[in-house]
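Undergrad: This is the structure I want to talk about, given as structure tokens.
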Amino acid sequence: MITCLQASALISRSFDVQLGGEESRLVEQHTRACPACLRYARELELIRRCCRELVEEALGEGGAPLPEGSRRRLQARLELALQG
Ligand SMILES: [Zn+2]
């Protein structure tokens, strides 16, 4: 089984790129056995959903997505906030 460090790295990455089948399987296997990483994955998902809703609200229906740079900075700040 992968470590928490590996799992959290994969979980973070899954928000930027689609994980491969093997990687998804490893994360799934880990989060089934590890409540801490499951919580991490859920919090990230929640934040991502909140951000998307906020952005969509701000831009209106069919608005353009946030520029890649802004999205990354926002995500990094939120992750920092969660860790702190
Ligand atoms: Zn873990």
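Undergrad: Go through 74, 38, 54, 80 for me and flag whichever is modelled with pLDDT of 90 or more and part of a helix (DSSP H, G or I).
TA: Details: 74 fails: modelled with pLDDT of 90 or more; 54 fails: modelled with pLDDT of 90 or more; 80 fails: modelled with pLDDT of 90 or more.
Answer to the check: 38.
Undergrad: What pairs come up if the first residue lies in the stretch 34-55 and is of a type in the set (Asp, Glu), the second is within 16 Å of the ligand (Cβ to nearest atom), and their beta carbons are under 8 Å apart, counting only those six or more places apart or on different chains?
TA: 43/82
Undergrad: Then there's this: For the stretch 1-16, name all the residues that are buried (at least 16 other Cβ atoms within 10 Å of the Cβ), more than 9 Å from the ligand (Cβ to nearest atom) and part of a helix (DSSP H, G or I).
TA: Of everything in the stretch 1-16, those that are buried (at least 16 other Cβ atoms within 10 Å of the Cβ), more than 9 Å from the ligand (Cβ to nearest atom) and part of a helix (DSSP H, G or I) turn out to be 10, 11.
Undergrad: Name the single residue that is surrounded by the most Cβ atoms within 10 Å (Cβ to Cβ) among those in the stretch 17-32 being farther than 30 Å from residue 70 by Cβ and acidic (Asp, Glu).
TA: Filtering the stretch 17-32 for residues that are farther than 30 Å from residue 70 by Cβ and acidic (Asp, Glu), the one surrounded by the most Cβ atoms within 10 Å (Cβ to Cβ) comes out as 28.
Undergrad: Among what's in the stretch 33-47 and is within 10 Å of the ligand (Cβ to nearest atom) and loosely packed, with under 13 Cβ neighbours inside 10 Å, pick the residue that is nearest to residue 77 (Cα to Cα).
TA: By that ranking, first place goes to 39.
Undergrad: Which of (1) away from the ligand (no atom under 15 Å from the Cβ); (2) modelled with pLDDT of 95 or more is the odd one out, the single condition residue 27 does not satisfy?
TA: Evaluating residue 27 over (1) away from the ligand (no atom under 15 Å from the Cβ); (2) modelled with pLDDT of 95 or more leaves (1) as the failure.
The values are calculated or read from the model by the stated rules, or taken from the named source; none is laboratory data. From a predicted model like this one, the values you see are computed outputs, not experimental measurements. Backbone-built Cβ (ideal geometry, glycine too); neighbour counts: all protein chains shown.
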